[in-house]
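Peer 1: For reference, the structure I am asking about is given below.
All of the numbers you see were taken from the coordinates with simple rules; none came from a lab. These figures come from a predicted structure and were not determined experimentally.
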Amino acid sequence: MEKSGTERTDIDRESERLAADFLGGNRRAFDRLVLLHQEMVFSLCFRLTGDYDDADDCAQEVFIKVHRHLKGFRFESSFRTWLYRVTVNTCRNRIDSLEYRMRRRKVRLDADPGDVGRAAPAEIPDGKESALDALRRRETGGVIQEALDALPASQKAVVVLRDIEGRSYEEIARVTGLNEGTVKSKLSRARLKLREALRGKIDEEL
């Protein structure tokens, strides 16, 4: 079921309560706000940058920006939508930087093919899958991330927000500043490119 762009979840309500507490002078409320969202922010940063170190740097920068600009949050949209926007824009700025592009080019040239499985964040075996299954899952995650990294930044953002984060078209439009029609067209092109890039590389049908 598609998530409504205006629906308030328990996390949204808790986030907004903590944000209001922080703005009211409760400094510990911000620490709890970070704990509530840090996994989501890091995962999104990783999917958008394709690199653990960059994702870690971006995630830290996101929460610095949130701390600095939280007073500008008007509580008109969900806190999570606002946080997605800050995260996407932070990662875009990172990707657009010359230093980032040069370093990514060097990493690709020097990369060890054996490191491909490292590209799937927060993949912790649940104790029920075999080591072989875990390895296959990590390798699949690495192949998918490599295909994501080959997409233009704007297409990568919409496919990550829609197909990985499960956000509605309406919310993605608010996060990215695009209209819904443009979001859908970019998503369609991104999915087509991913299917072409992944054809024959993974067993799952896309």
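Peer 1: What full-extension length gain, to one decimal in nm, is calculated for Glu14 and Ser77 as 0.36 nm per residue of separation minus the Cα-Cα distance?
Peer 2: Gain on extension, Glu14 to Ser77, equals 21.3 nm.
Peer 1: Once amide H atoms are placed 1.01 Å from N in the peptide plane, what residues at a sequence separation of 5 or more from Ser168, or on another chain, have their amide H within under 5 Å of its amide H?
Peer 2: The answer is Lys3.
Peer 1: By how many nm would the segment from Arg28 to Ala153 lengthen if fully extended, with 0.36 nm per residue of separation less the alpha-carbon distance?
Peer 2: Extra length from Arg28 to Ala153 when fully extended: 41.5 nm.
Peer 1: Still on this structure, please answer the following. By how many nm would the segment from Ile64 to Thr182 grow when fully extended, if each residue of separation counts as 0.36 nm and the alpha-carbon distance is taken off?
Peer 2: Extra length available between Ile64 and Thr182 comes to 39.4 nm.
Peer 1: Across the stretch 74-84, in residue order, what do the Karplus-derived ³J(HN,Hα) couplings come to in whole Hz, using 6.51 cos²θ - 1.76 cosθ + 1.60 with θ = phi - 60° and x for Gly and Pro?
Peer 2: Here the 3J(HN,Hα) series is 9, 6, 8, 10, 5, 4, 5, 4, 4, 5, 4 Hz.
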